[in-house]
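In what follows, a single structure is set out as structure tokens and then discussed.
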Amino acid sequence: MKKIILFALFAVSATMAMAQVNPKSGVIITNSGDTIRGTIDFRTNEKLSKECEFWAEGKTEGKTYKPGDIEGFRFDDNGKYFVTRKLNVDGKPRLYFAEFMVKGMMNLYCVVESSDEHFFFEREDGEMAKLTSRAFHSTSTLQEVQDKMLEKKEQYGKVKYLLRDSWTAINDMSQTSLSQTNISRAGLVNVVRDYHKDVCTDGSTCMVYEYDEKSDKEKCYFKFFTGFAYYSREKSCLEYLPSKSYTGCAFDFGIGVELNIGRTLKGGSVELGLSYSPKNSFEHDVVVSKGQEPSQTRYEKKSSTVISLGLVKSFGNGKILPLVRGGAIGVYDRGNREVCYYKSRKKLDFSWGNTWYYGGYLGVGAQMAVGKHFARLHADLYADAHTMTKWGITAEFGL
């Protein structure tokens, strides 16, 4: 049984390691100013700042562009826009695909490096200031936290000085708290827009390339599910009768949440579930002494609660997609009881408290889009190292 669990965990790890693309339509802009339409691999901002994987329309082979190879690229539907810029992120100027957020009398760019967001304010005359939003780390020391606060305070001062021709923009920056862990992208866009309104003399408006900030976040779904399972092997955790292995069936139902990680793994999501199964009864029947003396042992549980954490991966494009899933489970059994009958006479009746054990699961199925929601049907194998093997069919609906 350990092999089954190891296989399930290996399958999940292999799935997570798959390097498939997350295609989105868009264009690249060549260094000569020409635009070429096609498909771009839409990954994390950090990866996009270093490379652009592109498939031109009608072509099957893609090409990876580095900063400087092209002028930039942009996703369709007013999506993200990246341009080649030489910027000082970590003390040494390098070429990046910088996200072009606002174009006007003051330009605003963003580069992500090591999970830190670096915002660059560039005035029309080329003068530039940087503001860094450091990623939060729970292991940071007090000195590291103090250093980050000092860095942010110095950067705020430089940005405000760059905005000195617009009191409105300076006031916008002053309202942004230095104690905030994350800097609001939308707030910085408003700062630059207000600067443009105050400084621009020809009546033009600035071009905002930054789109809805919510579209940058991974989607989270709430789901509920119900299922039926057949236990091909079920043994009491106490193993008072270690030779007994029971079989039986059970229903369960539950709720869960699922976080889409499509920009990291195409079609991938992380799922967390909590299921409940009411009173279950499993039996083991034998006939001894040349078929004349029947013996029956019954194993009962008042209820079972299962916590699951795993990965779901769908494949392809379309309304109906195949999927695989796998992960780890923790099982909590309440009110265990084992009863043994021999020739209709009760020979043993033993009860004990609650038990807890862990294992893994692996399944395959299909997913269908229902508007902005989804419906799934999948078959799964659940197992732990000692007591349980079950085969289940589950239907779920995600909101």
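General observations
- Any hit, region 275-297, residues being modelled with pLDDT of 80 or more and not in a strand (DSSP E or B): yes
- Region 336-363, subset touching a Lys or Arg at 6+ places or on another chain (Cβ under 7 Å) and without any contact (Cβ under 8 Å) to a residue 40 or more places away in the chain, residue farthest from Gly254 (Cα to Cα): Ser351
- Any hit, region 96-104, residues being in contact (Cβ under 8 Å) with a residue 12 or more places away in the chain, aliphatic (A, V, I, L, M) and surrounded by fewer than 21 Cβ atoms within 10 Å (Cβ to Cβ): no
- Within region 312-326, the set of residues being farther than 17 Å from Leu274 by Cβ and in a strand (DSSP E or B) comprises Lys313, Ser314, Ile320, Leu321, Pro322, Leu323, Val324, Gly326.
- Only one of Ile320, Ile307 that is out of contact with any Pro (no Cβ under 8 Å at 6 or more places or on another chain), modelled with pLDDT of 80 or more, over 20 Å from Tyr382 (Cβ atoms) and among the aliphatic types (A, V, I, L, M): Ile320
- None of Leu108, Leu87 is in contact with a helix residue (DSSP H, G or I) (Cβ under 6 Å, 6 or more places away or on another chain), in the same structural domain as Ile183 (by TED's automatic domain parsing) and closer than 26 Å to Lys160 by Cβ except Leu108.
- Selection from region 233-252 of residues that are surrounded by 14 or more Cβ atoms within 10 Å (Cβ to Cβ) and either in a loop (DSSP other than H, G, I, E, B) or modelled with pLDDT of 90 or more (or both): Lys235, Ser236, Cys237, Leu238, Tyr240, Leu241, Lys244, Ser245, Asp252
- Taking the listed residues Tyr211, Tyr230, the one that is surrounded by 13 or more Cβ atoms within 10 Å (Cβ to Cβ), modelled with pLDDT of 75 or more and of a type in the set (Ser, Thr, Tyr) is Tyr230, with no other qualifying.
- Residues of region 27-61 satisfying the condition of being without any contact (Cβ under 8 Å) to a residue 40 or more places away in the chain, touching a Phe, Trp or Tyr at 6+ places or on another chain (Cβ under 8 Å) and of a type in the set (Gly, Ala, Ser): Gly38
- Within the option set Trp356, Trp352, being surrounded by fewer than 19 Cβ atoms within 10 Å (Cβ to Cβ) and modelled with pLDDT under 80 holds for one residue only, Trp352.
- Subset of region 57-82 that is surrounded by 15 or more Cβ atoms within 10 Å (Cβ to Cβ) and more than 27 Å from the chain's Cα centre (by Cα) - its residue that is farthest from Phe100 (Cα to Cα): Asp69
The values are calculated or read from the model by the stated rules, or taken from the named source; none is laboratory data. Everything numeric in this text was worked out from a predicted model, so none of it was measured. For neighbour counting, all protein chains shown are included, and Cβ atoms are generated from backbone atoms with ideal geometry for every residue, glycine included.
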